[in-house]
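Please treat every number below as a calculation from the coordinates, not as lab data. Note that the structure is predicted; figures quoted are calculated from it, not measured. Cβ: placed from backbone, ideal geometry, glycine included. Neighbour counts: every protein chain shown.
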Ligand code: G
Ligand code: G
Ligand code: MN
Ligand code: NA
């Protein structure tokens, strides 16, 4: 069966669920926020990676059905945590380029927040640098509307597309996320990877200049953490701290005393 056809069936059967990866204070490990990431658990094929199906879902337009489901699941989970008195943090949801281009994207996001009774500040939207930098005037309008309503925005995979700094300056974003490919190169000794080290330092400097939070991705060991901390990047996520985990396990991370 076609993968696209299978995805549509999977959505009806409830085979998509979310896992959450903490974004932490690099020095203390304290959880500051979470990123929601979709998983597809197929009854026969097992776990199918979003790296495989998200690009296809973008191509076929299925993302316009999956994206709203992801957002709804994330918001319902936040509401459930709040209802049980779990000390909640902002949850970031990835929004694909295709979703960003939908004329009703802002209303849809605000509608889900209203339906689940959440504050706009409970949610953050991640869009990739390449999505943000295409159709730039429309992106600026959409993100400005979201920002006006109190929804925070971060730029994902930063450093992989060609950003015009002039546009970046005009985008109402709160954070840029250093793409994990740069961090990943520094697994042994940063001195062996001068170009990646220089790019990371440049992104951190850019964040400082523009007043943006800088979040590093893909931190797997203490060498990477220490390099980032030494250069003024204080927030990040990666296997060193936690893999993406099911909602049940998030509670332990948010509420370490229990
Ligand atoms: O979770 P993992 O590292 O396997 O994700 C692989 C890719 O899929 C990443 O680029 C990630 O941003 C993307 N991805 C994961 N979950 C979602 C989602 O809910 N929506 C979108 N648009 N992309 C996602
Ligand atoms: O593109 P985006 O940043 O949304 O992708 C996040 C992806 O990175 C997720 O699929 C997540 O599983 C993966 N990821 C998170 N932390 C690490 C890490 O420390 N190492 C590696 N290799 N992948 C990671
Ligand atoms: Mn992301
Ligand atoms: Na990323």
query: Does segment 169-258 come out rounded, prolate or oblate by the C-alpha gyration tensor, with a ≥ b ≥ c the root eigenvalues, rounded set by a/c under 1.5 and, if not, prolate when a/b is larger than b/c and oblate if not?
result: oblate
message: With viscosity set to 1.002 mPa s at 20 °C, what whole-number translational diffusion coefficient in µm²/s follows for segment 7-146 from Stokes-Einstein and a Kirkwood radius over Cα pairs?
response: 133 µm²/s
task: Project the alpha carbons of segment 1-82 onto their principal axes and report the range along each, largest first, in whole Å.
output: 48, 25, 24
- request: When a/c is below 1.5 the answer is rounded, else prolate if a/b is larger than b/c, else oblate, so apply that to segment 69-155 with a ≥ b ≥ c taken from the square roots of the Cα gyration tensor eigenvalues.
  value: prolate
field: Order of 40, 45 under a 10 Å beta carbon neighbour criterion, fewest first
entry: 45, 40
- request: Using Cα centres only, tell me the gap between segment 103-155 and segment 1-56 in whole Å.
  value: 20 Å
query: Which percentage, to the nearest 5, of the DSSP beta bridges contained in the chain is antiparallel?
result: 40 percent
query: In terms of the Cα gyration tensor, with a ≥ b ≥ c the square roots of its eigenvalues, is the chain rounded because a/c is under 1.5, prolate because a/b exceeds b/c, or oblate?
result: rounded
